[in-house]
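Read the structure below first, then the notes.
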Amino acid sequence: MVEILLINFLFLLFPVLIYLIFFENKIHIKKRNSFNILFSAISMILCMTFPIRLEMGFIFDLRYIPFIIASLLGGYKIALPLYVILNLYRFYLEGDGVFLSFLYSTIVFIVVPFLHKFFIDYNSKKRLLTAGSITFLLFTIYQLHLSTFLKSISLQFLINAFIMVATYVIGIITIMALIEKIIENQKAREKLVDSDRLNIISELAASISHEIRNPLTVTNGFLQLLRDSKNITEKEQHYINFSLQELKRAEGIVSDFLSLAKPQAENMVNTDLKEEIDYVNNIMIPYAHIHQVDLQCSFTNTLTHYMDKNQIRQCLINLYKNGIEAMKKDGGTLSVLVSEQNGNIVIQIKDTGCGMSEEEIQQIGKPYYSTKKEGTGLGMMVAYSTIHKLNGNIEILSEKGKGTTFVITIPASHKY
Ligand code: ADP
Ligand code: MG
C-alpha cells in the first residue's frame, strides 16, 4: 500500500517537475493556459489509473489534488475542462461509484473554483492554509456521506476514512508548498531583473543628465534674449517660442532622470512627510484646477523615515500628475490619504479617472512605457526607484473606466 501511495505522490509531483525543468521561464503558473490544464489532466488520469486499495475493499485515488489546486489557482476556466476530463475518464473506467464520483466532482467543481477570486489575493501562508482546510472539509463531508450507506460504522471504516483525509490534506499542502515556492522564486527573479535595469539606467542618467542640463540652460537664456529683441519678425518670434517650449520639455526629461540618481547628502531629512505633502499639494493645485480636478488630502501619519526630500517630492509629483492626467477628460477627484499602519507609512493616491487593464498595470514602471502622446514613460519609473530605495512598495489597484489607486507603503525607520 505504501508503494502505491508513493507512486501516486510521484504522479502529483510529475507536473510540478516538468514545469520547473521546461517551462518555468516561459509561462506563469497562476495564469490560465492549456499547459496547466494538460499537466493537471495527465496527473489526474495517472492517479485514477493506479488507485490506492485499502482493506475492506475501500478504494481511493488522489485525482482531486490536481483538480483542487488547478481550480484554486485558475478558477472556473481551468476547472471546467478538468471536470469534463475527470468524468469522461471515470465513465470509461466504469465500476461502482460512477454516480457517486459524478456527484462529488460536481460539488467540488462548483465550490472550489468559486474561491479562486479570494485565493489569488491571499499571501502564501494563507493560501496553504486555505487549500489545506478546504480539502479537509470536502473530504470529511465525503466520508460522512459514505458512512450513511453503512449499517454500522466499524473501526476499520474510521481508520480508512482517516487515512484518506490525512493523505489528501498532506498531499495538497505539500504540492501547494512547492508551487508557492516556485511562485516566490519567479517573483524574486523578476524583481532582480527590474532592479538591474533600474541600476544601469540611473547610473547612466546621473552622468549624462548633469552634462546636458548646462547647455540647455545656456541655450534657453540666449533664446529668451533673442525673443525680446526688436528687429525680428513675428514669424521668427513664433519659431523662437516653439524652440523654448521644446527646450522646456527636454529639461523636464532631464530632471526626471536626475532624480533617479543617488540621494544627495544635503537633502536628507528625517520626515513624517507632512512638509513634503504640503509642498506638493501647493504646487499641484493649479494644475489640478486647470483640469477640473478637485484635490482632497487627509494626513494622520506620525511615523518618520530618513529620505531625500527632493526625490520624494518628485515621486509624489509624478503620481499626482498621472492621477490628474487620467481625469483630464471629465474632471474628478484626486484624494490623497497619508496614514500609518502596522509600523508603516501608507500613502494612498486615488483618482477617479480612466483606470487601467491588467496588462497595462503589468507594464507600469518599465522605462519609456507610456500611453500618452506627449508622455515620457519616466514618471512611474522614477517613482518606483525612489520608493524601492526606501525599502518601500507600490501597489496598484485599478479598474478600467473607474479609476486608480496607488498605495505606497514605506516602513518607518530611524536615522541610519
Ligand atoms: P507618462 O505620464 O509620461 O506617460 P508615466 O511613467 O508617468 O509616464 O506613466 C506611464 C503610463 O502609466 C501612463 O502613460 C499611463 O498610461 C499609465 N498610468 C499611470 N498612472 C495612471 C493613472 N493614475 N491612471 C491611469 N493610467 C495611469
Ligand atoms: Mg506621468
| query | Taking the range 374-397, which residues are within 7 Å of ligand 1 (Cβ to nearest atom), in a loop (DSSP other than H, G, I, E, B) and surrounded by 21 or more Cβ atoms within 10 Å (Cβ to Cβ)? | reply | LEU378
| said: Cβ-Cβ under 6 Å, sequence separation 6+ or interchain: first residue in the range 159-182 and closer than 15 Å to LEU72 by Cβ and free of Cβ contacts under 8 Å to residues at least 60 places away in the same chain, partner among the aromatic types (Phe, Trp, Tyr) and assigned to a helix (DSSP H, G or I). Which pairs? | reply: VAL169/PHE136
| query | When you look at ASN301, is it surrounded by fewer than 18 Cβ atoms within 10 Å (Cβ to Cβ) and under 17 Å from ILE410 (Cα atoms), yes or no? | reply | no
| query | In the range 183-215, how many are at pLDDT 80 or above and surrounded by 15 or more Cβ atoms within 10 Å (Cβ to Cβ)? | reply | 4
| query | If you check GLN314 against the conditions, is it more than 10 Å from ligand 1 (Cβ to nearest atom), touching a residue at least 60 places away in the same chain (Cβ under 8 Å) and assigned by TED's automatic domain parsing to the domain that holds ASP294? | reply | yes
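Scan the range 282-301 for residues that are touching a residue at least 12 places away in the same chain (Cβ under 8 Å) and out of contact with any strand residue (DSSP E or B) (no Cβ under 6 Å at 6 or more places or on another chain) and report the count. Walk me through how you get there before you give the answer.
Our first condition is that a residue be touching a residue at least 12 places away in the same chain (Cβ under 8 Å); within the range 282-301, this holds for 283-284, 287-288, 291-301.
Adding the requirement that they be out of contact with any strand residue (DSSP E or B) (no Cβ under 6 Å at 6 or more places or on another chain) leaves 283-284, 287, 291-292.
The qualifying residues number 5.
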| request: Output the number of residues of the range 334-373 satisfying the condition of being of a type in the set (Ser, Thr, Tyr) and more than 8 Å from ligand 1 (Cβ to nearest atom). | output: 5
| remark: Restricted to the range 398-416 and to residues being surrounded by 12 or more Cβ atoms within 10 Å (Cβ to Cβ) and under 26 Å from ASN270 (Cβ atoms), the residue farthest from the chain's Cα centre (by Cα) is SER413
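Residues of the range 22-51 being at pLDDT below 85 and more than 23 Å from LYS126 (Cβ to Cβ), which ones?
Quick first cut of the range 22-51, residues at pLDDT below 85 only: 22-36.
Selection gives PHE22, PHE23, GLU24, ASN25, LYS26, ILE27, ASN33, SER34, PHE35.
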| said: Among the residues of the range 48-57, are any crowded, with 19+ Cβ neighbours inside 10 Å and at positive phi? | reply: no
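The values are calculated or read from the model by the stated rules, or taken from the named source; none is laboratory data. Quick caveat: nothing in here was measured; it's all calculated off a predicted structure. Reconstructed Cβ throughout: ideal geometry from the backbone, glycine too, with neighbour counts over all protein chains shown.
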